[in-house]
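The values are calculated or read from the model by the stated rules, or taken from the named source; none is laboratory data. Remember, predicted model here, so these are calculated numbers, not experimental data. A quick note on method: Cβ atoms are made from the backbone with ideal geometry, for glycine too, and the neighbour counts reach across all protein chains shown.
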C-alpha cells in the first residue's frame, strides 16, 4: 500500500491554444514560495490538458503553440528542489487536439453523433475519445514518453476514464468479432467493459515500463463500490468530491467509509474554488477549506486541494494563503491520523456494489445516499461494505431498499445472523427475485407491492417521530406484509385513491382513509427488523425530519447500546479511529454550519444562466459548548486529552463506559484516549 502525502495540490492547467504567452511569468522562487506558504508536500503538474496540448518538450504530441520552453520541467525541478513530490497528469478520456485531427477516433453515439461534454459542435466543450480506437496507442506512447523524461516522477494521474456504448468502426467490428450483438444493450455494456479493462491493462503497464513501483491513478470522478476487479491497476485512490461542485458535503464521508475498508491508501480531493473545476478568480472561505480538510482526516484520508494555474504560469498567492491556513492545521494533526483504523458498530451494504451498476455510470444511488446521510446525521459509527468484505464484527448490518440477494450473499448473511448479528431490511431488500416472498424469517408474510402510492404509516411509540401522532405520508411504494410470528412496528394506511384524472383530491395526494389497511409498516422478529418502505430513498428525495427520526429510532431499537453517544446537532459529524500501535483511540468531532446561497439566475447580456440550484457554502464557524460524550470501550483508559493542543479533559470510567464533556468545539476537535 502506497503511503501518500497528507497535503497535496492538484494543479489544473487546461489551457486554450488561443491564449498567448503561456508560462512567461513562471518564476522558480515565486513557485516555491507559493508551495511553502501553502504548506504543500505534493503537487500534481500537467504534461497535457483537455485541450490536448503538451507543456513539455515532446516528440510525440504537440507543444502548446504559445509555450516557448519546457514548463513542466521547470515546475518539476523547482518543486523537487524543495523536497515536494510531483505526480504528473495526462488527459486521457478527452483530448480536443486529437479529436480535431482524428475525428474517426472519437466515441460515436447510437444516433451517429460524436460523444462529448456538449451536444453541439458549435458549443464550447471537450470531446470524448474511444479507447478501442488507435487513440489508445497514441495515449500509451505519450505516457511512455512522459515517464521516460521524468523517471523520478511521484506518480501518473490519468483523467476522465470511462468507456461508453460506442458505435465507432473499431467498436462495431470488435463487437462482431467477439460475438456480441450490437443491438442488445447488455452486450454493448459487456463489450465496453472489455475495452475499458484493456485500457487499464495497457496504460498501467506502460506507466510502469521503467519503474515497476510507479504510482498510478485512473480518475473517473467516483470510486464505484464493488468494482474491485479494476483496483489492481491503482496504486492508491483519490476521491474527487468538491462539496460546492455538485458532490455536496455528504458525498465524501460516505465514499471514504467504503474506501477505508480497501487495501489502498486514499486521499480526499476538494477544490479551492467557490464552485467547481475551471473557475478562475473563485475562492471559497478559508473556514470551508479548514472544515473540508479536517473531514478528510476524520474519515481516514489524506488531503488534496484542487487549484488552477493561470496561463501565465504565475501562482496565485491568495490561493496558497487560503490553502495554507487549512494545511497548517493538517500538518499539526497528521501523527494522530497515520495507520488509524475506523471503529464501527454498523455495516451499510452498498446497493451500488450488490446490484452492479453500469461500470461507466456516476449515478446517484438514492438508497445508499439516503442511508449514508441517516447514519451521519444520527452520529452512528459505520462502514460501507461490498459483498466481499467481512460482516462478522458489526453489531448491525443494513441492506438499504433494493438489495438483490443471490445464493452466496444469502449464505453469508445467514452465517452472520447465526453468529448473533442483527439485520435491518428496508423496501424490497430481503425479498426473493422470483416473487416467492422473504428470504429471511422477518416474522411476516409478503403480499406484494402496494398498489397505492403514496401511502401512510402510524408507527408504534418506540419508532414514532417525537412530534407526530397521526399517519405520516410515505412518498414511494411500500411492500404489503401481514404478521406471522413477528412483532408489528405500526400500521399502514392507504389513501382513498391514487391521484388520476378521473379522481383526485386537492393539490397533491388523497388523504389517508380513517381505518388502517390491515398491513404493517414494519416488523421485528428477534435479530431482524424490516421496514416496508424504501425509507432511505424516501429520505434522500424528501429529507423530512419525521423520516429521519423514524429511521434513526428503528436503527437504535435494533442496535441497542452504541459505542458512541454525543450531544451534537445532526449537522455535526463524528468518527472514532483506533491507533493500536500507539495504544490510543482518536475521536473526531466536526461541526460547521452550512448555508445554501445563490440560485437560478439569468442576466440580460450576461454569462450566468441556467443554474438549477444554489451553492452550499461554509463561512462563519459557530462554536458549540459543553458537548457531552459517552464511549463504550473495553480498554482501561489512562488519559483523555485534546490534540494537538494537549489540553487535558476530566473523564469518568465505569466498567466499559467513559463519560466526558468537551468544553468547546469549533470546526474540528480530535480527542485522544490513551489506554
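Restricting to segment 212-235, count the residues that are surrounded by fewer than 23 Cβ atoms within 10 Å (Cβ to Cβ) and either under 15 Å from the mean Cα position of the chain (by Cα) or outside the structural domain of residue 155 (by TED's automatic domain parsing) (or both).
So the answer is 7.
Based on this model, can you work out whether residue 292 counts as at pLDDT 95 or above, surrounded by 18 or more Cβ atoms within 10 Å (Cβ to Cβ), touching a strand residue (DSSP E or B) at 6+ places or on another chain (Cβ under 7 Å) and over 30 Å from residue 424 (Cα atoms)?
Here the answer is yes, as residue 292 does meet what is asked.
Please give the number of the condition residue 165 fails out of (1) surrounded by fewer than 19 Cβ atoms within 10 Å (Cβ to Cβ); (2) in a loop (DSSP other than H, G, I, E, B).
(1)
Considering every residue within segment 584-591, establish whether at least one is at pLDDT 95 or above, surrounded by 10 or more Cβ atoms within 10 Å (Cβ to Cβ), in contact with a strand residue (DSSP E or B) (Cβ under 7 Å, 6 or more places away or on another chain) and farther than 21 Å from residue 332 by Cα.
Among the residues of segment 584-591, not one is at pLDDT 95 or above, surrounded by 10 or more Cβ atoms within 10 Å (Cβ to Cβ), in contact with a strand residue (DSSP E or B) (Cβ under 7 Å, 6 or more places away or on another chain) and farther than 21 Å from residue 332 by Cα, which makes the answer no.
Looking only at helices (runs of 4 or more DSSP H) that lie completely in segment 1-117, which have at least 2 residues being buried (at least 18 other Cβ atoms within 10 Å of the Cβ), at pLDDT 95 or above and touching a helix residue (DSSP H, G or I) at 6+ places or on another chain (Cβ under 6 Å)?
Output list reads 28-37.
Quick check, is residue 430 closer than 30 Å to residue 391 by Cα, modelled with pLDDT of 95 or more and surrounded by fewer than 18 Cβ atoms within 10 Å (Cβ to Cβ)?
no
Within the group 158, 189, which residue is assigned by TED's automatic domain parsing to the domain that holds residue 77, surrounded by 21 or more Cβ atoms within 10 Å (Cβ to Cβ) and not in a loop (DSSP other than H, G, I, E, B)?
After ruling out the rest, the residue left standing is 158.
Within segment 410-471, considering only strands (runs of 3 or more DSSP E) that don't extend past its boundaries, which have at least 2 residues that are without any contact (Cβ under 8 Å) to a residue 60 or more places away in the chain?
Correct list: 444-449.
Mind checking whether some residue in segment 496-508 is assigned by TED's automatic domain parsing to the domain that holds residue 421, in a strand (DSSP E or B) and closer than 30 Å to residue 382 by Cα?
No: zero hits.
Taking residue 508 and the conditions (1) under 35 Å from the mean Cα position of the chain (by Cα); (2) in contact (Cβ under 8 Å) with a residue 24 or more places away in the chain, which numbered condition does it fall short on, given that it satisfies the others?
(2)
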